[in-house]
Each structure stands twice: as structure tokens, then as C-alpha cells.
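Take a look at the structure set out below.
Laboratory data are not the source of any read-out in this text; all were calculated from the coordinates shown. Note that the structure is a prediction, hence the values are computed from the model and not measured. Every residue, glycine as well, gets a Cβ built from its backbone with ideal geometry; the counts of neighbours run over all protein chains shown.
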Amino acid sequence: MSGTRDLKLLGTKESLFTHRVVWALKLKGIEYEFIEVDLLNKSPLLLELNPVHKKVPVLVHAGKTICESLVILEYIDENWKDGYYPLLPQDPLAKAYARFWAKFVDEKFYQGATAAFFSTGENRAKGIESVAEALQVLEGEIQGKKFFGGETIGFLDIAVGWIAYWFQFVEEVGDFKVMNSTKYPSFDSWTKQFLQVSIIKENLPPPEAVRCVFVGFKNMAFQAKNAEN
Amino acid sequence: MAEEVKLIRTWSSPFALRIVWALKLKGIEFETVLEDLASKSPLLLQSNPVHKKVPVLVHNGKPVSESLVILEYIEETWKEKPLLPEDPYEKASSRFWAKFSDEKLLPSVWTVFISQGNKQEEALVPALENLQFIEEQLEGKKFFGGEKIGLLDLAIGWMADMVSVLEEVTGLKLIQEDKFPLLSAWIEIFADVPEIKESGAPREKLISKFQAIRDAYAATK
């Protein structure tokens, strides 16, 4: 079995995408070395390992590099399979379902949230609308289920999981509100159950750290805009 | 139970073409349901209520949407003539580049072809950079999948006919042979694979379509 030396995860302690990989590795009980990266001053290591996107997370396993959080999740699931906690279901249709919804969240919800946070005027309004629509759809999907993965959390819960924790700070710092426990009761219930899972609960960044990062993003965007004008 | 495989597609969608290729390469019998996106059928709206887009694969009544998700579904359901390697790392690599194709490469190439003048000059920079990344992936290989066509070839396959159509419409040669020798060679052998060759949309029809799209963009300036 691979030891810590063989497996490295490049990320940041606040990054929601990095946490997807942290949760997956912890659920599977796999040891790894965490390498904190400075995203404002990107190290030669990061640029060498992820020249295409220059982002985290990056998984390095026995010298082989894997980028993109959802691709990393599937790699982890396939590499540590028999006898390990399963992330994706076995059935091809159930797998397709999980992959479809993970993509949906990364596209519609995430892009909408980004627009709501960073944009102004019409683009901001469109972003907020996009998030609301995405939530409505997710509400329908989680109805009647404990987790997206069924009785226990899986790939899709991990993919959607950032909404249960990071999103409240996006709203707070971005100064908009879409999440609503009355409008989306099943989704709200899922967020509470998800955050109760011990692996998740024990692996979340402190609220102040997340706020700080988001405030930093907002300030950088503001400065960039002023520099343009 | 007899397998019932339906593919909802349009005549020109490059995303749907990926699925045609996969089904043909695996020797899976299927029925094509041609859609007119200006007038979406109840079947499409029912099968893909979230995006209302093609392609949708309907297997024994169960729909699967999003072309890359469909490709993986096909791979896992019909295990003969595999499109993905066994090794998890090689699989991850294919998935990473397929995602790159859809999220970065295709949009950047598209931007070049709908732009004019200075904007087109600017758009060329990321497009050529992205093409270079893909060029490097072919190092030492015949296909992206190695000796045989794989999932990544199907994902990037839109380059094989689409780029030459766009080049003809704009008069701009994007994939120059001296700059992208491996990609140029790949385009030729990929297009020559029988299942690929017999599946393409009529070239003249594609040219008309994209000429109209480019004209429409130019008119909005």
C-alpha cells in the first residue's frame, strides 16, 4: 500500500475544490502529504504540474500528476477500489447520473455564483437567477433521499458539498441571498446532514479563513476594475 | 429483453457525432432520432429537461445526457472494443484532456472563427496556445488513444472536419502543418477511419451553416 511519500495533494486550506479531494482521500483512509500553495504567487512547482490551468487541486501519485478535482475523484475511486469506501456507484446509469449532476453544479451553479459575486448590474442579476434555478433543480433531485449517494455520501455529495459550507460566505461577502430553507427544504436538510458526517465535519476550513479569502477576491476584482478605468 | 438504443441528435451537432462514432466503433445497433432545435420534440424535452440539448442517448427507455457522460456510459455498458485504457492514470489523462477540449479548446477556436479583425487577432493567442497543448499530447502516438482510437480521439474528433470547415469559411488557416505536424497527421488518419468517414455531415451543408453564423456575428457589430 502506498505511504505518504507516494501521494501528494497540492491545494490551499480554504479551497473548496481542494476539499473535494481531501474528503475523498479521508473517506478512503488514504495517507497523503498536503502541500499548501500560494495562489497569489504561483510557485514553479504548481506551474510545472498544472501548466494548463495553473490551479489547485493537483494530485501527484508516484510522480504522476492528475488535475481537475472531478477527474482526481474518479482516479482516486478507481485506483483504491476493492476494500475501500466507494465514491461512485457500480451501475453505469447511476454513475452517469452522478457525473451529469456534478457537471451541472460546476457549470450552472458555480458559474452563476461567480457572476453574482463578481459582477454588477445585469450580469449579477443573471448570475443570481442562475443560482436560484440550479437550486430549484437540485431540490427536486435530493427530495426523498438522505444523500445524493443514497444512505451514505458519495461522489455527487462531495461534488455538491461546497454549497453546504462555502456558499454562505459567497453570499455574505458577495452581498446577495439565494439560499432559503423554506424555498428549498430538502436541499437545506441535505446540507445539514452532509455537514454532520464526521469526515466532512472534521475537514472544513474555519469560517474566518474562508471569509478572508473571499474578501480578498472581492478586493482584487475591485482593484482590477479600477485599474482598467 | 432486446436492447433498445436511441440517439437523439441533430444533423450537424459535433457533440452528437461523438456518440455516433462510439456506437459504431463498438458495433452497437441504434436508432437515430433527428431533432429540429427550433422546434424541440416532446421526447427531447422529456429526456433532457435540464438542458434541452442534444445528444441524448436513450437506452431501454432510460435517458443519458451530456456527450462525455454518454461516452463513459457506453464504455461501461458495452465492454467490448474498449475506448478507455484499463490503467486509472491513463483514464484520468483522457478525461482531463476531453474536459480541456470542451471547456477551453473548442470555445477558443470558436471565438477565432466568429471574430473579425483585431478581435480575431487577439482570439488567436489562447487558441494557438490550447492547440499546442493538444499537439504535445500526440507525442509518440498514432491516435490520442495510442495505437487505436480511444475516448479522447472521439472527444477531440470535432477538430477533424469542423476546423477545416471553419478555415474555409474564414479563409484563416488555424492548424498549419509546420506548426502542428502531429495534429495535422492525426486529423488525416482519424478522418480516414471507416466509422468516422461514413458518419460526417455533408460538408457543403456545414459550410453554408457556418458561413451564415459568421455573417450573423459580423452583422451584430
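Quick check: residue separation of A:Asp91 and A:Lys64 times 0.36 nm, minus the Cα distance between them. What number comes out in nm? List each step's numbers first, then the result.
On the way: separation 27, 0.36 × 27 = 9.72 nm, distance 2.83 nm.
Separation in residues times 0.36 nm, less the Cα-Cα distance, equals 6.9 nm.
In nm, to one decimal, how far is the modelled label at A:Ser186 from the one at B:Glu167, with both set 7 Å along Cα→Cβ?
5.0
Per DSSP H run of n ≥ 4, the term is -39500 (n - 2.57); total these for chain A, divide by its residue number, and report the mean residue ellipticity at 222 nm rounded to 500 deg cm²/dmol.
Numbers: 11 runs with 131 residues, N = 229.
Computed mean residue ellipticity for chain A: -17500 deg cm²/dmol.
Relative contact order of chain A: what whole-number percent is it, with Cα pairs under 8 angstrom and at least 6 residues apart?
Across chain A, relative contact order equals 19 percent.
Using DSSP to call loops (not H, G, I, E or B), can you name the GluC sites (Glu not before Pro) in segment B:72-118 whose Cβ has at most 12 other Cβ atoms within 10 angstrom?
When the GluC sites (Glu not before Pro) of segment B:72-118 are filtered for loop state and at most 12 Cβ neighbours within 10 Å, B:Glu80, B:Glu86 remain.
Per residue of A:50-57, how many C-beta atoms from partner chains lie within 10 Å of its own C-beta, taken as a mean?
If you average over the peptide's residues, the count of other-chain Cβ atoms is 2.
Would you mind getting me the FRET efficiency between B:Glu188 and B:Glu86? Use the beta-carbon distance for r and R0 = 41 Å, nearest 0.05.
0.90
With the contact rule set at Cα under 8 Å and sequence spacing of 6 or more, what percent relative contact order holds for segment A:1-115?
26
Order by neighbour count: B:Ile134, B:Ile74, fewest other Cβ atoms within 10 Å first, most last. Intermediate values should be presented prior to the final figure.
Numbers: B:Ile134 21, B:Ile74 25.
Exposure proxy ranking, most exposed first: B:Ile134, B:Ile74.
Simple spin-label model, 7 Å along Cα-to-Cβ: A:Asn219 to A:Glu31 in nm?
Result for the modelled spin labels: 3.9 nm.
I'd like to verify something in chain B: which complete DSSP H helices, judged by Cα projection on the helix axis, reach 30 Å or more and average at least -0.5 on the Kyte-Doolittle scale?
none
Calculate the mean, over all residues of peptide A:92-101, of how many other protein chain Cβ atoms lie within 10 angstrom of the residue's Cβ.
The per-residue average across the peptide is 6.
How many partner chain Cβ atoms sit within 10 Å of a residue's Cβ in peptide B:92-102, on average, as a whole number?
5
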